Amino acid sequence: MAHLEIDNLCASYGNTPVLKGISLDVEKSEVVSLIGPSGSGKSTLLRALVGVTKPTEGTVRIGETTVDYRSAASLRSVRDSMAIVFQQYNLFQNMTVMDNVTIAPIKIKKWNKAEVRKHAAELLERVGLSAKHNAYPDELSGGQQQRVAIARALCLRPQLLLLDEVTSALDPELVGEVLDTIRDLARDGMTMLIVSHEMGFVREVSSRIVMMDKGAVVEKGPPAQIFDAPEQERTRDFTARILSH
Ligand SMILES: Nc1ncnc2c1ncn2[C@@H]1O[C@H](COP(=O)(O)OP(=O)(O)O)[C@@H](O)[C@H]1O
Ligand SMILES: [Mg+2]
């Protein structure tokens, strides 16, 4: 049974429809990637899942639970189960790495401080930053800051991690270390829905890929289908364009 089940999801900005009936599933421990041209609705889909942009139609199920985006309790629960990491990592500049990672679980969730810090230390080790607990963000590279942002998301113990172009703002030489971190998470069985333009990485890490255009799903399939034998002309055009530069 799918861990995340999205059925006919629609969303609009004002009167402009932006998601036009998206359906897709993500199984537990699966990595699914969204690809497609800029403006095709990939970020909006992630925002709609956590209810930042309210879906106008369709259903989202997480495990056995159907999300009700009009209910505050249901929204809280969906936000507990998913964490998003964005291109801009937005760390608190006046706080250490450890405090950045632990502030939400300690201050907002009121979880046990000692346990949260222990978990945070494990996560920082996992993202290769055990030596940086007491560093401030401006002492870190962009790649290191983005790995702190990933540790911060994981410290909330999400069932699903949503990654929206997390390497797009990084200098090219820093992209690899962040992709390595995501690869490790995939290997450890973290369920992820990823938006990325790093096509080599997407091909390697994803079990399935969803090609979107103009707010709709054009084609879904395993990487070999999408990249080597796409069924749709638009998929072929997109991957050819993005792989040729
Ligand atoms: N806050 C917003 N208000 C109005 N329109 C938006 C907003 N954010 C995105 N859009 C529009 O919604 C469409 C999908 O955008 P987006 O989800 O950001 O696409 P992608 O992430 O695939 O580049 C685009 O046409 C974009 O211009
Ligand atoms: Mg986007």
Matching residues in region 76-116 (open to solvent by 20 Å² or more (accessible area, probe 1.4 Å), aliphatic (A, V, I, L, M) and assigned to a helix (DSSP H, G or I)) number 5
Residue that is surrounded by the most Cβ atoms within 10 Å (Cβ to Cβ) [pool: residues in region 118-135 that are closer than 13 Å to Val101 by Cβ and in contact (Cβ under 8 Å) with a residue 40 or more places away in the chain]: Val127
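If a residue must be without any contact (Cβ under 8 Å) to a residue 24 or more places away in the chain and charged (D, E, K, R), how many such residues does region 189-212 contain? I'd like the intermediate steps shown before the answer.
Kept after step one, since they are without any contact (Cβ under 8 Å) to a residue 24 or more places away in the chain, are these residues of region 189-212: 200-201, 204.
So of that shortlist, the ones also charged (D, E, K, R) come out as 204.
Matching residues across region 189-212 total 1.
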Restricting to region 24-54, name every residue that is open to solvent by less than 40 Å² (accessible area, probe 1.4 Å) and either among the acidic types (Asp, Glu) or away from ligand 1 (no atom under 13 Å from the Cβ) (or both). Leu24, Val26, Glu30, Val31, Val32, Val50, Gly51
Only one of these conditions is not met by Ala151: (1) away from ligand 1 (no atom under 16 Å from the Cβ); (2) closer than 28 Å to Gly41 by Cβ; (3) open to solvent by less than 20 Å² (accessible area, probe 1.4 Å); (4) touching a residue at least 24 places away in the same chain (Cβ under 8 Å). Which number is it? (2)
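The values are calculated or read from the model by the stated rules, or taken from the named source; none is laboratory data. Given the structure is predicted, the values throughout are model-derived calculations rather than measurements. Note that each Cβ is placed from the backbone with ideal geometry, even for glycine, and that neighbours are counted across all protein chains shown. Quick note on the areas: whole protein, heavy atoms, side chains included, nothing else; ligands and nucleic acids left out. Shrake-Rupley method; radii C 1.70, N 1.55, O 1.52, S 1.80 Å.
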